[in-house]
Amino acid sequence: MVPISYNLRNLKVRKTTSAAAAFGLALVVFVFASVLMLSNGIKKTLGRSASPDAALVLRKGATAEIESVIEDANVNLVLNDTSLPQSVSGPRGVSESVVVILLDKIGADGFSNAAVRGIRPDSFAFRPSIKIVEGRMPQEGSDEVVIGRAISGRFKGLTLGESFELKKNRSVKVVGVFEDGGSSNESEVWADIDTVRTAFKREGYTSAIRVRVSPSQFDTFKASIESNRQLNLAVMKEAVYYEKQSEGTSLFISIMGTMIALFFSIGAMLGATITMHAAVANRQREIGTLRALGFSKASILFSFLLESIILSIIGGGIGALASLAMGLVSFSMVNFASWSEIVFRFEPDGGVIVGSMIFATVMGLVGGFLPAIRAARINPIEAMRA
Amino acid sequence: MMNFIRISARNLLRNKLRTTLTVLGASVAIIAFVMLRTVLSAWSTAADFAAKDRIATRHKVSFVITMPKNYVDQIRAVPGVKSATYAIWFGGKNPKKPEQFFATMAFDAPSMLEVFDELVLAPDQQQAFLADKQGAIIGDVLARQLGLKVGDRFTLQGSIYPGDWPLNITGIYTATKKSIDRSSMFFHYSYVNDSLPPDRQDQIGWIASRIDDPGRGPAISAAIDQMFDVKDIQTTTMSERAMNLSFMGMISSLLKALDVISIIILFIMMMILGNTIAMGVRERTREYGVLRAIGFPPASIAWFVVGEAAVTGIVSGIVGLALSFPIVELGLGRLLEENMGAWFPYFRIDPKTYVMGMGLALVLALAASIVPARNAFRLQVTDALRRLA
């Protein structure tokens, strides 16, 4: 086998062209890794909103909270269902109203949907992970609202101390900002449930009920609620609900991003081929000598493939590292399932990095294949004569 | 000048394989660039197809909150409004393929056909649709996707309006203008409304009105909003175009991301071009030394390099754009218009994109040649002649 140091030195001798090819590969891997991180970010942001021991009750057939309508009378039936645990620390459950309102987006043309959750006093206690980090808690039954950290400053009026209108002469004031460990709750406005219901003529209805139920009791509870035809409700685990909410958007971004990255990779692979072809052409004599010394065709082929792979791994590594910097950027768009703007980050994880490096290696392998075959085919006698 | 170009072209032909690969690589980059720009322009030009004499009225603060149905009667009475229709967003799905998206809307059928007169429906199908409460009309594009024909029965699964909704496909429409999406499903508002509990009845999502003078659109819109300002539910009225454009805010970050990516592809292209040019200069160092030795000034040597880059850039631009047309317009464009009409009703390359692509190919090739040209310019005759390529 030809030693690896031979390949490393070869790449070093031709600094400029190696660097250009590696940089091209780096850019492709950067785009590829960023897309994976974005799609990952959507899933994680929505996933963090789920609590392992919570279930969500929606109107049967509704796929999102904003689509669901539940009469107040039924809310009580659900919350008092005998299959629910009798003693839990904190509230047994909470029913809330969710609407989306149009607000002017700051720093972009046009408006977008912001989710407004009409909450009850128990809503904070039901989600202990939520902490007010600026300002204060809203007063019960008032026109005060709190907003998530992620959405703060993204829309006109959604900043601590400012107000916006739910309807004419019904403006609400932002008195606090809350955090929830980077979950999608941070992209919501939380207002008093009655303020929301009167502003949007939803008196007597809520959108969804959340209940505290351990995984072992979930099936009994689900059966008990869903068997009651009169209620016409569906029960699902919170984790399942949020996973479904992220599905469409994250799939859309993955497909679009992967298509772009694949297309770009053709360019980068051609770049690697050009570099490797030049390397082979310039080293004909060397290759001939190596063959004369007794290195087999296979080891020449392998050596040049390896050189191309080293090149692509260097490029891929740079691209993947650079993409980690995207972790600082947050991205805000309408989530297809919930029709509301959600702010998420580019979230890296092991899978993203490994995936990007595999992608880079494949590009190097494909790009270096033809030049390597050409190198292996060189006739030692002719090459040394040249 | 002619000589420069001839020499540049000759130099390129010396290593045909490399030149071919370079042109191919740069053309792929151009195709990707054209594709991304077309995605961006397709979204923004969708708004340009909006009917100029149509305005839309919705709830002031939310798309998902309804308005009372009697608002439409009051709008019909506003001077300048020729006709008005109302609709709800049904949010239905195909139970067999719930992940497939198509727009489902319940309209007041007679007034809808009047307000959206660019919708083309055969007279007998129109009669059948109006006569059948469970009747539905679908666009020809959607009909192909769902494999439906006139007379078929189709069950729609409701999400906002739960349950199964059996429909009779009474007509398949086409459109004379792009302002109507040919992958939508329309059916009767009354069908939905009559099956709702009394307290949820007679609520509508939006109102579309045809006005007699497009120039008076803003004034009529203002008059409508003012009329409802004192009511319990306020409205926002705007031109169809403004309404379409305002949806762009929802995907503005996506648009920005695509913008950035389309710039990254240009850098990749520059790397490919720069790589090839640098390689050529490196291999021809001795020749440049000889040229210098027989009296060519350093600037001429630099111009050889720049000329070679320019020729590569222009050829790549021409090849890339020539390939873009069949790939983007005939291939991908057709595919997207057929399958994702709701997203891309009109996927065509904007002429500006051609100009931009060609210009960028040339400019980037020149930019990529700066460093190699400078190196060639600074070349010492003695070094060059001594060096082994």
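Key figures for this structure:
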read-out: Residue list for region A:227-252, restricted to those being charged (D, E, K, R) and without any contact (Cβ under 8 Å) to a residue 60 or more places away in the chain; value: A:R229
read-out: Residue check for A:S95: closer than 26 Å to B:V230 by Cα, in the same structural domain as A:S187 (by TED's automatic domain parsing), of a type in the set (S, T, Y) and crowded, with 22+ Cβ neighbours inside 10 Å; value: no
read-out: Of the criteria (1) at pLDDT 90 or above; (2) touching a Ser or Thr at 6+ places or on another chain (Cβ under 9 Å); (3) surrounded by fewer than 20 Cβ atoms within 10 Å (Cβ to Cβ); (4) of a type outside the set (A, V, I, L, M, F, W, C), which one B:Q234 fails; value: (2)
read-out: Residue match in region B:73-95 (condition: closer than 30 Å to B:I264 by Cα, away from chain A (no Cβ under 13 Å) and free of Cβ contacts under 8 Å to residues at least 40 places away in the same chain); value: no
read-out: Tally of residues being facing chain B (nearest Cβ under 7 Å) and within 31 Å of the chain's Cα centre (by Cα) across region A:244-287; value: 8
read-out: One residue from B:D199, B:D164, B:D181 being in a loop (DSSP other than H, G, I, E, B), of a type in the set (D, E) and either out of contact with any Lys or Arg (no Cβ under 6 Å at 6 or more places or on another chain) or without any contact (Cβ under 8 Å) to a residue 24 or more places away in the chain (or both); value: B:D181
read-out: For A:L370: the one exception among (1) at the interface with chain B (Cβ under 10 Å from one of its Cβ atoms); (2) outside any helix (DSSP H, G or I); (3) not basic (K, R); value: (2)
read-out: Strands (runs of 3 or more DSSP E) within region B:101-159 that include 3 or more residues in contact (Cβ under 8 Å) with a residue 40 or more places away in the chain and within 14 Å of another protein chain (Cβ to nearest Cβ); value: B:153-158
read-out: Hits in region B:65-90 - residues which are among the hydrophobic types (A, V, I, L, M, F, W, C) and in a helix (DSSP H, G or I); value: B:V72, B:I75
read-out: Residue among A:D53, A:D104 that alone is surrounded by fewer than 20 Cβ atoms within 10 Å (Cβ to Cβ) and under 24 Å from the mean Cα position of the chain (by Cα); value: A:D53
read-out: Failed condition for B:G274, given (1) in contact with a Pro (Cβ under 9 Å, 6 or more places away or on another chain); (2) small (G, A, S); (3) within 9 Å of another protein chain (Cβ to nearest Cβ); (4) more than 30 Å from B:I7 (Cα to Cα); value: (4)
read-out: Tally of residues being touching a Gly at 6+ places or on another chain (Cβ under 6 Å), more than 8 Å from chain B (Cβ to nearest Cβ) and hydrophobic (A, V, I, L, M, F, W, C) across region A:91-116; value: 0
read-out: Given (1) assigned to a helix (DSSP H, G or I); (2) crowded, with 19+ Cβ neighbours inside 10 Å, number of the condition A:Q217 does not satisfy; value: (2)
read-out: From the options B:R54, B:R37, residue that is more than 10 Å from chain A (Cβ to nearest Cβ), over 27 Å from B:K231 (Cβ atoms) and not small (G, A, S); value: B:R37
read-out: The listed residue being touching a residue at least 60 places away in the same chain (Cβ under 8 Å), within 22 Å of the chain's Cα centre (by Cα) and assigned to a strand (DSSP E or B), out of A:V211, A:V189; value: A:V189
read-out: Matching option when the condition is over 22 Å from A:L328 (Cα atoms), of a type outside the set (D, E, K, R) and within 10 Å of another protein chain (Cβ to nearest Cβ), among A:A55, A:A62, A:A26, A:A50; value: A:A62
read-out: Complete set of residues in region A:135-151 that are within 21 Å of A:F344 (Cβ to Cβ) and either touching a Ser or Thr at 6+ places or on another chain (Cβ under 6 Å) or surrounded by fewer than 21 Cβ atoms within 10 Å (Cβ to Cβ) (or both); value: A:G148, A:R149, A:A150, A:I151
read-out: Output for region B:160-184, where each listed residue is within 14 Å of chain A (Cβ to nearest Cβ) and surrounded by fewer than 16 Cβ atoms within 10 Å (Cβ to Cβ); value: B:G163, B:D164
read-out: Test for B:T85: is it surrounded by 19 or more Cβ atoms within 10 Å (Cβ to Cβ) and under 25 Å from the mean Cα position of the chain (by Cα); value: no
read-out: Residue, farthest from the other protein chains (Cβ to nearest Cβ), within region A:1-23, restricted to residues that are touching a Gly at 6+ places or on another chain (Cβ under 7 Å) and closer than 24 Å to A:S299 by Cα; value: A:A22
read-out: Hits in region B:277-289 - residues which are within 8 Å of chain A (Cβ to nearest Cβ) and surrounded by fewer than 20 Cβ atoms within 10 Å (Cβ to Cβ); value: B:R282, B:E283
read-out: Any hit, region A:115-138, residues being of a type in the set (A, V, I, L, M), under 28 Å from B:M67 (Cβ atoms) and in a loop (DSSP other than H, G, I, E, B); value: no
read-out: Conditions (1) within 14 Å of chain A (Cβ to nearest Cβ); (2) not in a helix (DSSP H, G or I): number failed by B:L266; value: (2)
read-out: Test set (1) touching a residue at least 60 places away in the same chain (Cβ under 8 Å); (2) crowded, with 16+ Cβ neighbours inside 10 Å; (3) outside any strand (DSSP E or B) - A:L166 fails condition number; value: (3)
read-out: The listed residue being more than 14 Å from chain A (Cβ to nearest Cβ) and under 30 Å from A:A337 (Cα atoms), out of B:R292, B:R241, B:R334; value: B:R334
read-out: Qualifying residue in region A:290-303 (condition: in a helix (DSSP H, G or I), under 19 Å from A:V366 (Cβ atoms) and within 12 Å of another protein chain (Cβ to nearest Cβ)); value: no
read-out: Filter result (touching a residue at least 40 places away in the same chain (Cβ under 8 Å) and within 28 Å of A:I151 (Cβ to Cβ)) within region B:243-290; value: B:M243, B:N244, B:L245, B:M248, B:I251, B:L255, B:L258, B:D259, B:I261
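Residue by residue, here is whether (1) within 25 Å of the chain's Cα centre (by Cα); (2) not aromatic (F, W, Y) holds:
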{"residue": "A:G315", "(1), (2)": "yes, yes"}
{"residue": "A:I318", "(1), (2)": "yes, yes"}
{"residue": "A:A325", "(1), (2)": "yes, yes"}
{"residue": "A:S338", "(1), (2)": "yes, yes"}
{"residue": "A:F344", "(1), (2)": "yes, no"}
{"residue": "A:I353", "(1), (2)": "yes, yes"}
{"residue": "A:S356", "(1), (2)": "yes, yes"}
{"residue": "A:L365", "(1), (2)": "no, yes"}
{"residue": "A:P380", "(1), (2)": "no, yes"}
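The values are calculated or read from the model by the stated rules, or taken from the named source; none is laboratory data. Note that this is a predicted model, so its numbers are computed, not measured. All Cβ positions, glycine included, derive from the backbone under ideal geometry; neighbour counts span all protein chains shown.
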